[in-house]
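Trainee: Dumping the structure here so I can ask a few things about it.
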Amino acid sequence: MASPAPQLEPAHDGTPSRTPAPPRRASGAGRIAVGVLLAALLAVGVMHWLDVRRSASRSQGAEAEATIVVARAAADVAAKLGGEGEGIAPAMTAWAQSQPSVKAYRVINIDSRSLEASTFPADQQEGAPPRRLARPEKPLYDLGQTLRTNVETNAEEQTTGNPEFTVERQASGDVLVAAPFKVDGAVTGFAQILATPVAPKSTAPPLWRALAFIAAPFLVVLGLTFFVRNNTILFIAGLVLLLATIWLHATEKGASYGLATAAVLLFVFVGGGYAGRTSSALLEHRQAYWYIAPAIIGMLLLVFFPFFYGIILSFTRQNIYTANQPLTELWIGAKNYVDIITDVNIFRNTPAGRQINYGNFYWTLFFTILWTVANVAIGVAVGLVLALVLNTKNLRFKALYRVLLILPWAVPNYITALIWKGMFHQQFGVINQVIQIFGGDPISWFEKPATSFAAVVTTNGWLSFPFMMVVSLGALQSIPGDLYEAARVDGATRWQQFRSITLPSLKPALIPAIILSVVWTFNMFNIIYLVSAGEPAGSTEILITQAYKIAFEQYRYGYAAAYSTVIFAILLIYGIFQNRATRATESIA
Amino acid sequence: MKKTLLVVAALLFPTLLAAQTEIVVWHAYRGGEKTAFEKVVNNYNASQKNIKVSALAVPYDAFADKITAAVPRGKGPDIFIYAQDRLGGWVAAGNTIEPIDFYLDKKLTDRYIPSTMQAMTFRKTVYGLPLNYKVITMVYNKALVKTPPKTTGELVKLAKSLTNSSSGRFGLAYWYPNWYYHAILFNGFGGGVFNAAGKPIVNTQGNVQATNLMMKWMTQDKIVPLEPSTALVTSLFNEGKAAIVFSGPWFLEEISPKVQWGLAPLPTIDEAGGKPMRPWISVEGVYIAAPSKHKEQAFEFAKYLTDTPAAKIMALEGSQQPANRLVYSDAQVAANPVLKAFRTQLDTGVPMPNVPEMTMMWSPVTTAMNAIVKKASTPAAAFNAAQKEVEANIAKLKK
């Protein structure tokens, strides 16, 4: 990397006795100055660009406002004459003479699908108005339909949410505005005008202002380098200057927080020397990075892109209605997360008394943890017992038993889930029939949370013990036999042998298996979705099935993305915690 | 020499093709329905030279999502065929379905059964031509039922005589906790899930009465199996253990050839003053994709597809129920008992709501129905809770 600020060499840090920095790297002070410059460029540059866009759309909005008033007047002329008939064209001609800004106009009646009056040259091709609309003119008719629907929907819902005018900007700078007219209370058509807008007054901030804001902190830091010899102080000064610049430049304070964060990160990255270290590492191990480049590209496309897209989605309010709008327009910050975390209505009052609100995030989280712990405990216990049994010496048909016990694992789990669901059927299920043989009453398994939980845990227990059994069996066979022999000679009981030899020897094999199994079970979508489907009343829903329901039954994509991100965060915290715990066990072993 | 000829041919061939407009149609038909549909497409391609239609069968599971993702970005077909329940959602999302009011005239709209045309209308604008419809009707085992019941009183009496729950025999079997099926009673009692203005009315009085009747059949009369599902209903009927089933055309394909079956209109409801049960009508519409570049030609094909000759092929060879009114006066179609039975049932049907909020309805009402059949909640309380949840979800979505 070429030094970005060679004029600052040698370092002004006042410690000439220290070994000089490698020649091809910026000094501490230089890095800080460049970091301030780049960070200010990012923050101020983006803010300036946003300001320019905002002022442009504001001035366009003001122009449109004025033209809409003119279009409304045109619509009123048509409405007074009943919206159709021979009288429209002359009335419009008279009206247009008093309107110097109007270049062309047309009046369309959608009830009779006719063009009542027009001065648009394109409209004359199919014949002079009044006449019926021709097929190529369908967009005009659809425009009328849209306006009518919007006006009626607004009246019905008592909102102004749907636009009652359409504004189109032409390449020439003119605006095309359509306004509907009502006859006897119903929209029957619209008037559309092409008008020259009043010249907009530019309110955009000048470019020199942004450039000054970018240059100022850089120049100040550059100046400071001559007086301040301590890099830490210089770094803090740079940070303060940067934040002050962003604060002073921001016209809309709310939007600047995200940019300020990004700028500070960039400043720390460059000014703190991380950028230099990263690039020299990249250069030094160039070959290695080339080797892993295909894998990195693959990971970027297949893993990181969807992952980050999901995270970005979680900050928006995208849903089925807004799926086609750009995400920037749907940005709502951390609101989805706040909604999830602050959803503390765990109980609700009903006429029947206080009930748990099963749709609540914390209930689902509690149930997911309960579900995970129960399943892993059952899996480990059953798997370990079976492994110990199979590990008996001179057991006949051992291979056969082993194959049979691994079978539940080999069958696709959704098939197993559906079989178990059938077995739990209230009237025809085999489990209730067995209960009836012994004189019991059939149980409606999915009626109460406890029985429903028992049903799903049984199903998943069936699926999860073979894995634990295989893991334990492998580890058991690697325990040397002389350990037991020595223990026997010392007079240890069977239980003592198990506690002191078998369990510690299994630990290194079992703990990674348990960690894996926790993650699988936490997100075991199939079993919950297919066996209990969350019944009764969503009480046996786990986080991942809940996220699915939010996304594909309620169609709240943004909220569901936030929900998934929360699931990811929980598993990430668990993973970090587990990693520490495992390292601890490793050091003991 | 040969080579030059080939090159010349290759150069000429695209220009020959270019004179034709290609219209791509996406549908989710399979089996016999697909064969009949493709026959209609081939007939159309052979009948004229300007438009070439190519049909693509898309798996049903992925169909709706594919439309939602591909069409607004201009990567979709020119025409697609789907039931009306997603119509409102696609219109609300925008740039998916083209309004076709402009092309319509009275002669054209008159050739469809009015209720199917109503299903294609959203906010007073027509968005598609109705192709086929599906309704639930009564299927009965001829060996067990001599005369199909005409009223719920007759139904319960007959079903009781045919029910023996210890040997797993039932007079009536249908998927009553699923409210698509249960809607025959909802609508029969004047209930439903949306009113005319598109506002949710889950807790309306009619729905509560309808559900009380269903619960009477389940707990008091004990004429229906507990925890039904499509698989259970099918196997009971095929084993001769269910005398009467309420289901739609999709059920007929699953009936075992050993069972002699017949179709009859759903009985009238004594408890609702003799009003008929009213199943939902789901209508497959032919929609023109909004970003299509050949809307005119697409509409021409949509017209042909829903015309009488095409409807006849799809009715007789594809076993579908055409929305075309005129085809039912055809001698062969009129003689077909299945087509006739569904056509009769259609008259009491109600088009399934096509408002976008319909998708919000499924989960809360399903939860309510499950709570009711599990006796964890009374119908009124469960529907009140569902109503609240739907209103809250709609409010969250509109925000």
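Trainee: How big is the protein assembly as shown by the Kirkwood estimate over distinct Cα pairs, in Å?
Mentor: Taking the inverse mean of 1/r over all distinct Cα pairs, the protein assembly as shown comes out at 34.8 Å.
Trainee: Also, I was wondering about something else. Once you wrap a convex hull around the alpha carbon atoms of segment B:149-263, what is its projected area averaged over all directions, in nm²?
Mentor: 7.8 nm²
Trainee: Would you calculate the separation in nanometres between label points at B:Thr147 and A:Leu300, each defined as 7 Å from the Cα along the Cα-to-beta-carbon direction?
Mentor: 7.9 nm
Trainee: Using the Karplus curve 6.51 cos²θ - 1.76 cosθ + 1.60 with θ = phi - 60°, work out ³J(HN,Hα) for each residue of segment B:204-220 in order, rounded to whole Hz, and write x for Gly and Pro.
Mentor: Ordered by residue, 3J(HN,Hα) equals 5, 4, x, 5, 5, 4, 4, 6, 4, 5, 4, 5, 5, 4, 7, 9, 8 Hz.
Trainee: How long is segment A:435-506 along each principal axis, judged by its Cα atoms, biggest number first, in Å?
Mentor: The Cα atoms of segment A:435-506 stretch 55, 26, 21 Å along the principal axes, largest first.
Trainee: Continuing with the same structure: Please give the direction-averaged projected area of the C-alpha convex hull for segment A:41-139, in square nanometres with one decimal.
Mentor: 8.9 nm²
Trainee: Go through segment B:323-336 residue by residue and turn each phi into a ³J(HN,Hα) via Karplus (6.51, -1.76, 1.60, θ = phi - 60°); whole Hz please, and just put x for glycine and proline.
Mentor: 7, 6, 6, 6, 5, 6, 8, 5, 4, 5, 5, 4, 7, 7
Trainee: To the nearest 20 Debye, how big is the dipole of chain A about its Cα centre, given +1 on the beta carbon of each Lys and Arg and -1 on that of each Asp and Glu?
Mentor: Approximately 2000 debye in magnitude.
Trainee: I need the peptides A:506-514, B:252-260, B:49-57 ranked by packing, meaning the mean over residues of other C-beta atoms within 10 angstrom, with the highest value on top.
Mentor: A:506-514, B:49-57, B:252-260
Trainee: Pairs on different chains or at least eight residues apart, Cα atoms closer than 29 Å: how many lysine pairs in segment B:272-319 fit?
Mentor: 4
Trainee: Would you mind giving the mean number of other chain beta-carbons within 10 Å of the Cβ of each residue in A:427-433, as a whole number?
Mentor: Average neighbour count from other chains, rounded to a whole number: 2.
Trainee: How many nm separate the modelled label positions at A:Ile369 and B:Lys293, each set 7 Å beyond the Cα in the direction of the Cβ?
Mentor: 5.8 nm
Trainee: Using 1/(1 + (r/R0)^6) with R0 = 56 angstrom and r between the beta carbons of A:Ser500 and A:Glu329, what's the FRET efficiency to the nearest 0.05?
Mentor: 0.30
Trainee: What percent do you get for the relative contact order of segment B:261-393 when only Cα pairs under 8 Å and 6+ apart count?
Mentor: Answer for segment B:261-393 is 22 percent.
Trainee: Report, in debye and to the nearest 20, how large the dipole of chain B comes out about its Cα centre when Lys and Arg carry +1 and Asp and Glu carry -1 on their Cβ.
Mentor: The calculated dipole for chain B is roughly 120 debye.
Trainee: Looking at chain B, what % of its DSSP beta bridges pair antiparallel, to the nearest 5?
Mentor: Here the share of antiparallel DSSP bridges comes out near 65 percent.
Trainee: What is the distance, in nm, between label points placed 7 Å from the Cα along the Cα-to-Cβ direction at A:Asp76 and at A:Ala399?
Mentor: Result for the modelled spin labels: 9.7 nm.
Trainee: Still on this structure, please answer the following. How large is the direction-averaged shadow of the alpha-carbon convex hull of segment A:333-445, in nm²?
Mentor: 13.0 nm²
Trainee: Okay, moving on. When Cβ neighbours within 10 Å are restricted to other protein chains, what is their mean count per residue of peptide A:551-561?
Mentor: 3
Trainee: Something else now. Binned at 10 Å from 0, what are the whole-percent values of the Cα-Cα distance distribution for segment B:60-107, short to long?
Mentor: 23, 55, 18, 4
Trainee: Please list the non-local residues whose amide H lies under 5 Å from the amide H of B:Phe170, H modeled 1.01 Å from N, same-chain partners needing a gap of 5 or more.
Mentor: Placed amide hydrogens put B:Asn164, B:Ala242, B:Ala243 under 5 Å from B:Phe170.
Trainee: Quick one: compute the contact order of chain A, relative version, from alpha carbon pairs under 8 angstrom and 6+ residues apart, as a percent.
Mentor: Relative contact order, chain A: 14 percent.
Trainee: Select from B:Pro364, B:Pro337, B:Pro149 the residue whose mean-square fluctuation is largest in a Gaussian network model of chain B (Cα-Cα springs shorter than 10 Å).
Mentor: B:Pro337
Trainee: Additional query: Beta carbons within 10 angstrom, averaged per residue: use that to sort the peptides A:515-521, A:173-179, B:355-361, highest first.
Mentor: B:355-361, A:173-179, A:515-521
Trainee: Relative contact order (percent) for chain B, with alpha-carbon contacts under 8 angstrom and 6 or more residues of separation?
Mentor: 26 percent
Trainee: Which value, in debye to the nearest 20, describes the size of the charge dipole of segment A:240-337 about its Cα centre when Lys and Arg Cβ atoms bear +1, Asp and Glu Cβ atoms bear -1, and nothing else is charged?
Mentor: 100 debye
Trainee: Compare B:Arg169, B:Arg73, B:Arg325 in a GNM of chain B, Cα atoms joined below 10 Å, and give the one with the largest fluctuation.
Mentor: Top of the fluctuation ranking is B:Arg73.
Trainee: Place +1 on the Cβ of every Lys and Arg and -1 on the Cβ of every Asp and Glu in chain A, take the dipole about the Cα centre, and give the residue among A:Tyr362, A:Thr67, A:Val519 whose Cα lies farthest towards its positive end.
Mentor: It is A:Val519.
Trainee: Per residue, what volume in Å³ does the Cα convex hull of segment B:85-176 take up?
Mentor: Spread over its residues, the Cα hull of segment B:85-176 gives 172 Å³ apiece.
Trainee: By how many degrees, 0 to 90 and rounded to 10, does the Cα axis of helix A:253-271 deviate from the longest principal axis of chain A?
Mentor: With both axes taken from Cα atoms, the answer is about 60 degrees.
Trainee: Within segment A:91-106, list the residues whose amide N lies under 13 Å from a label point set 7 Å along Cα→Cβ of A:Ser172.
Mentor: A:101-105
Trainee: Between B:Asp65 and A:Gln60, what FRET efficiency comes out of the Förster formula 1/(1 + (r/R0)^6) with R0 = 35 Å and r the beta carbon distance, rounded to 0.05?
Mentor: 0.45
Trainee: Another question, if that's okay. Relative to the longest principal axis of chain B, what angle (0 to 90°, nearest 10) does the C-alpha long axis of helix B:2-18 take?
Mentor: For helix B:2-18, the angle is close to 50 degrees.
Trainee: So between A:Tyr414 and A:Asp441, what do we pick up on full extension, going 0.36 nm a residue minus the alpha carbon distance?
Mentor: Here the answer is 6.8 nm.
Trainee: Taking a point 7 angstrom from the Cα of B:Asn95 along the C-beta vector, which residues in segment A:47-81 have backbone N less than 12 Å away?
Mentor: Counting backbone N atoms under 12 Å from the label point, the list is empty.
Trainee: Which whole number gives the average count of other chain Cβ atoms within 10 Å of the Cβ atoms across peptide A:141-154?
Mentor: If you average over the peptide's residues, the count of other-chain Cβ atoms is 3.
Trainee: Got a sec? Charge dipole of the protein assembly as shown, +1 on Cβ for Lys and Arg, -1 for Asp and Glu; which of A:Ser500, B:Pro309, B:Leu172 is way out at the positive end?
Mentor: A:Ser500
Trainee: I would also like to ask the following. Consider a paramagnetic label point 7 Å from the Cα of B:Lys375 along Cα→Cβ; state which residues of segment B:196-240 have an amide N under 18 Å from it.
Mentor: The answer is B:211-228, whose backbone nitrogens lie closer than 18 Å to the label point.
Trainee: Between A:Val344 and A:Arg131, what FRET efficiency follows from the Cβ-Cβ distance if R0 is 51 Å, with the result rounded to 0.05?
Mentor: 0.20
Values quoted throughout were computed directly from the atomic coordinates according to the rules given, and no laboratory measurement underlies them. Not measured: the values here are computed from a predicted model. Because the Cβ atoms are built from the backbone with ideal geometry, glycine has one as well, and the counts that use them run over all protein chains shown.
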